[in-house]
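One structure below.
Each value in this text was obtained by applying a stated rule to the coordinates, not by laboratory testing. Here the structure is a predicted model, which is why all the values come from computation and not from measurement. Note that each Cβ is placed from the backbone with ideal geometry, even for glycine, and that neighbours are counted across all protein chains shown.
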Amino acid sequence: MIPKSHPRYKSLILREKIKNAYKEGYLADSGMIAHGRGEAFDYLIGEKTTPTSKNAIKTSVAMLLLAKNPVLSVNGNSTALAAKEIVDLANETNSKIEINLFYRTKKRVEIISKIYENLGYNNILGNDDKNLKYIDNIDSPRATASEEGIYSADLVLVSLEDGDRAEVLSDNGKKIIAIDLNPLSRTAKIADITIVDNIVRTIPLMIEYTKKLKSKDNKDLKRIIDDFSNENNIKKSLEHINLDKYN
Ligand code: PTJ
């Protein structure tokens, strides 16, 4: 039992979630290493959503609301940390949810499907092996894509993954939103919008922004996107990770 008074309470609770997900059999063992990497970057940005990331979050929501077939791609880590919020975001933005795993096993896919089902989300994609398609040029099980989901999506939100998938999806004409605490990851650099923030803070804020932006017309949403530069966003995010905080 972690005492609430512990100065690192929030961080320790997230570790518990990650550990439990591993014990329940749906988090990859490497997922614990990935979480540790994320923790280190989160520490450096001060474990708060920066104004820069808030703007990236707002712009992401504008993009989601304008997309024709947006898909939220989930893996073991994102499910362990934010499954309920991901379902709420999918419902608010009319997005689909698709399981896409680097360390894909039948058992992990089954457990993750069940988690979303238990949250009342019955249309999870990416779990029907027989009907999956494969995206060319991805040399890992992450190439899987359901026909009605990632394969035909115009926008894919990827989180807590780094590698070659974002690049290939982008080459296939899809817009990419990445949630990644590491602003220097391959995925972060390729994405159209990179949210350098912890997924546990990002998704609730995306839901808040969706409620605010839903009533705007398309022209206003487009303007938000036109005013955004991901290059500047990443540069500013790097500036937040300055090592002068020791004062
Ligand atoms: O569930 P699977 O089989 O698809 O496997 C998933 C893992 C996470 C094991 C796999 O995608 C992986 O190895 O990821 P990487 O290459 O370590 O990348 C994870 C990225 O997510 C890193 O850049 C981390 O900094 C970042 N990250 C970790 N935790 C968080 C995070 N970003 C946002 N919020 C977090 N809580």
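Quick notes on this one:
- The Kirkwood hydrodynamic radius of segment 4-112, based on inverse pair distances between different Cα atoms, is 15.6 Å.
- Rounded if a/c under 1.5, otherwise prolate or oblate - the chain, Cα gyration tensor axes: rounded
- Summary value for the chain: 23 percent relative contact order, contacts being C-alpha pairs under 8 angstrom separated by 6+ residues.
- Phi-based couplings in Hz for segment 84-94 (Karplus 6.51, -1.76, 1.60; Gly and Pro marked x): 5, 5, 5, 4, 4, 5, 4, 5, 5, 9, 6
- Within-12-Å neighbourhood charge of Ala166 [Cβ basis; K, R +1; D, E -1]: -1
- Its DSSP H runs of at least 4 residues, each contributing -39,500 (n - 2.57), put the calculated 222 nm mean residue ellipticity of the chain at -16000 deg cm²/dmol, to the nearest 500.
- Residues whose amide H comes within less than 5 Å of that of Lys96, counting only those at least five positions distant or on another chain, are Val71, Leu72 (H built at 1.01 Å from N in the peptide plane).
- Those GluC sites (Glu not before Pro) in segment 27-96 that DSSP places in a loop and that have at most 16 other beta carbons within 10 Å: Glu47
- Couplings 3J(HN,Hα) for segment 159-164, derived from phi with the Karplus relation 6.51 cos²θ - 1.76 cosθ + 1.60 (θ = phi - 60°), are 9, 6, 9, 10, x, 9 Hz, where x marks Gly and Pro.
- Taking amide hydrogens as placed 1.01 Å from N in the peptide plane, the amide H of Leu160 sits under 5 Å from those of Ile179, each at least 5 positions away in sequence or on another chain.
- Share, in percent, of DSSP beta bridges within segment 51-246 that are antiparallel, nearest 5: 15
- Around the amide H of Lys175, modelled in the peptide plane, lie the amide H atoms of Leu155, Val156, all under 5 Å away and 5 or more residues distant in sequence or on another chain.
- Whole-number percent relative contact order across segment 63-130, with pairs defined as alpha carbons under 8 Å at least 6 apart: 34
- Scattering from segment 149-206 was approximated by placing one identical point on each alpha carbon and applying the Debye formula without solvent; log10 I(q)/I(0) at 0.27 1/Å stands at -1.07.
- ³J(HN,Hα) computed for each position of segment 137-150 - Karplus, 6.51 cos²θ - 1.76 cosθ + 1.60, integer Hz, glycine/proline x: 6, 10, 8, 7, x, 5, 5, 4, 7, 7, 4, 7, x, 4
- Summing charges over all other residues whose Cβ lies under 14 Å from the Cβ of Glu231, with Lys and Arg as +1 and Asp and Glu as -1, gives 0.
- Annotation for segment 18-102: trypsin sites (Lys or Arg not before Pro) lying in DSSP loop with at most 14 further Cβ atoms inside 10 Å of their Cβ are Lys48, Lys68.
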